[in-house]
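In what follows, a single structure is set out as structure tokens and then discussed.
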Amino acid sequence: MHGNEFLAGYSAKLIEYGLAVTYLILFVGFWRFVHGGAKAAQAKVAKAAELPRAVTAGWFQVPADVALHPGHTWARLEEDGTVAVGLDDLGHRMIGAMDAVELPAPGSRVEQGARAVTLEAGGKHVGLLSPVDGEVVATNPAARDGAAPYGEGWLFKVRPTKWARNAAQLFSGEAAREWVEEQGRRLTMRLAPEMALAPAMHDGGAPLPGMARELDAEHWDDIAREFFRTQE
């Protein structure tokens, strides 16, 4: 009798022990699943947040002697005292090959922050703001052929009237590089959520060169107003 009671008690304890082990295994598995899923979700969020930075890092070059205007034009003081003006690297990537360029006439005057140039690409237009005040002394119609933005791609040259004051309103040096990289990230974030804009993006999320040709007129006009700071 005592032996049977002992066996019964022993079996009960084995069952309790088995249930406890099973519960522990299930709990550990559930804990790993929940926390692993949370970490995976956090990792995805962090990766998504870093994507624009990774996409645009090192994209844009800004020569040391070039200053950038918030409307994505640049200015460079030349050896003869004139100032060359052009479209910056990001602007070139957005517009791509140009179908037409309307430049200010030699002898005319331009003002910092006022429209001076109109570009056409893929049937879409964008106005560019002058980064300086001055009298136009030369223009470069060949810029429409896609020459290097900071080299042969200059648009016009002026004899400046307020160069020191104008230059103080522009981005230069490290500030220029940081600003244009941030603009690139901003553009990537601006485009990425819009499925309709997918044709304008690389697989990695980077805007395609000449994205103006890929966007419908409404979306392009919105982006042009935001980044080039002009109104049609």
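Data overview
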quantity	calculated
Karplus 3J(HN,Hα) series, Hz, for region 71-79 with 6.51 cos²θ - 1.76 cosθ + 1.60 (x for Gly, Pro)	x, 6, 9, 10, 9, 9, 6, 8, 5
Global form of region 126-198, assessed from the alpha-carbon gyration tensor, a/c cut-off 1.5	oblate
Accessible surface, region 48-173, averaged per residue in Å² (probe 1.4 Å)	43
For region 74-162, convex hull volume per residue from C-alpha positions, Å³	81
Highest to lowest packing among 181-188, 164-171, scored as the average C-beta count within 10 Å	181-188, 164-171
Shape category assigned to region 54-116 from the gyration tensor of Cα positions, a/c cut at 1.5	oblate
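The values are calculated or read from the model by the stated rules, or taken from the named source; none is laboratory data. Since this is a predicted model, take the numbers as computed values, not measurements. Note that we place each Cβ from the backbone using ideal geometry, even for glycine, and neighbour counts take in every protein chain shown. For accessibility, only protein heavy atoms count, side chains too; no ligands or nucleic acids. Shrake-Rupley method; radii C 1.70, N 1.55, O 1.52, S 1.80 Å.
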